[in-house]
Amino acid sequence: MSGAVLVPAPAKLTLSLRVRGTRPDGLHELDAEMVSIDLADELLIDPDGAGLEVLDLAGGGSIEVGSGNLVTRALAALGRSAGVRLTKRVPAGGGLGGGSSDAAAVMRWAGSQDLDLAAGLGADVPFCVRGGRARVRGVGERVETLADEERSFVLMIPPLAVNTAAVYRAYDELAATGPVEDPLGNDLTAPALVVEPELARWRDRLAEATGRAPRLAGSGATWFLEGTPEELGLAEERELRAGDALGRLVAVRSVGPDYGDPRPAG
């Protein structure tokens, strides 16, 4: 593994998301603001190796290891081969773009900034390739870099996983009866609550603990608030209980695009 490199794959946090319409092919036009955060997966990539090994430290969601995994798909799209050991810290189904960031890490390792190729892998992959802070429009392929800002957030990660495709189907059903616009800035909040009603319990639990209204990250399941744990009155908390279940509280900060740069392993 003398040529192996380590590539961080930072999660993305969607600070706002407006659905601007639906294209004839059924994909949704978005206008969103996203930032990279320092909750990150890590890929150990060996150009002389083969296969994908996953160490799941996040838990809470199923991770496909095969031709459907975004790491495998990214390698195939790039025409490259490598052995990859993926350490997962970003929960699957949490709305934090973990799989997309993993695919973007493969593209950065390969030296590719091809946003059209990235968009073919998934709507969040182009932003994750660029990283930092950006306005994202279209179906994710239009990424406008914005000035970095130092910001802190607390994530509430419940023991749930939400299917993004199901949330968009629920959005279409709600939109057929009237406008769907969330007052806190994420138009996928109401449809996510339709798909997974248990999200409301975790939202309310975090609101009760802080006295503030949480926002949903992407299509869920993660809720977040801006600020440090101390500012939010959570300095002594690492978990929140809702009924018999425990959810994790994770303090994160925004990071710039260089956070995901590859570096030699070892």
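Coordinate-derived values only; no laboratory data. The structure displayed is predicted, hence computed values, not measured ones. Here the Cβ is made from the backbone with ideal geometry for all residues, glycine too, and neighbour counts use every protein chain on show.
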Exercise for review: Relative to the longest principal axis of the C-alpha atoms of the chain, give the angle of the C-alpha long axis of helix 164-175, reported between 0 and 90° and rounded to the nearest 10°.
Suggested key: 40
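Efficiency by 1/(1 + (r/R0)^6): what FRET value for Gln113 and Arg135, r their Cβ-Cβ distance, R0 = 22 Å, to the nearest 0.05?
Values: r = 18 Å, r/R0 = 0.80.
For Gln113 and Arg135, the calculated efficiency is 0.80.
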Check your understanding: In a GNM of the chain with a 10 Å cut-off on Cα contacts, which of Leu225, Leu86, Leu78 has the highest mean-square fluctuation?
Key -> Leu78
Check your understanding: Mind checking the angle between helix 98-109 and the chain's longest principal axis? C-alpha axes, 0 to 90 degrees, to the nearest 10.
Key -> 30
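Restricting to DSSP H runs of at least four residues, report the calculated mean residue ellipticity at 222 nm for the chain, -39500 (n - 2.57) per run over all residues, nearest 500 deg cm²/dmol. Don't skip to the answer; put the middle values down first.
Working: 7 runs with 65 residues, N = 266.
Mean residue ellipticity at 222 nm (helix-derived): -7000 deg cm²/dmol.
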**Study point:** Virtual spin-label span in nm between Glu149 and Asn163, 7 Å along Cα→Cβ
**Key:** 3.5
Check your understanding: Of the listed peptides 214-222, 65-73, what is their order by residue-averaged count of other C-beta atoms within 10 Å, with the highest listed first?
Key -> 214-222, 65-73
**Study point:** Debye-sum result for the chain in log10 I(q)/I(0), which assumes one identical scatterer on each alpha carbon, at q = 0.08, 0.14 Å⁻¹
**Key:** -0.30, -0.95
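Scan the stretch 85-165 for GluC sites (Glu not before Pro) in coil per DSSP, keeping those whose Cβ has at most 12 other Cβ atoms within 10 Å, and list them by number.
Taking the stretch 85-165 and a limit of 12 other Cβ atoms within 10 Å, the loop GluC sites (Glu not before Pro) found are Glu149, Glu150.
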Point to revise | For the chain, size of Cβ-based charge dipole, Lys and Arg +1, Asp and Glu -1, in debye | key: 160
Review point. What residues qualify as long-range amide H neighbours of Ala221, i.e. H under 5 Å apart, gap of 5 or more or another chain, H built at 1.01 Å from N?
Key: Gly94, Gly95, Val162
Review point. With the chain treated as a Gaussian network of Cα nodes joined by springs under 10 Å, which of Thr145, Thr14, Thr22 yields the largest mean-square fluctuation?
Key: Thr22
Exercise for review: With a point put 7 Å past each Cα toward its Cβ, work out how far Ala213 is from Arg80 in nm, to one decimal.
Suggested key: 4.4
Exercise for review: Work out, in µm²/s and without decimals, the Stokes-Einstein translational diffusion coefficient of the stretch 152-254 at 25 °C, 0.890 mPa s, Rh from Kirkwood over C-alpha pairs.
Suggested key: 175
Check your understanding: If R0 is 25 Å, what FRET efficiency do you get for Asp172 and Val65 from their C-beta distance, rounded to 0.05?
Key -> 0.20
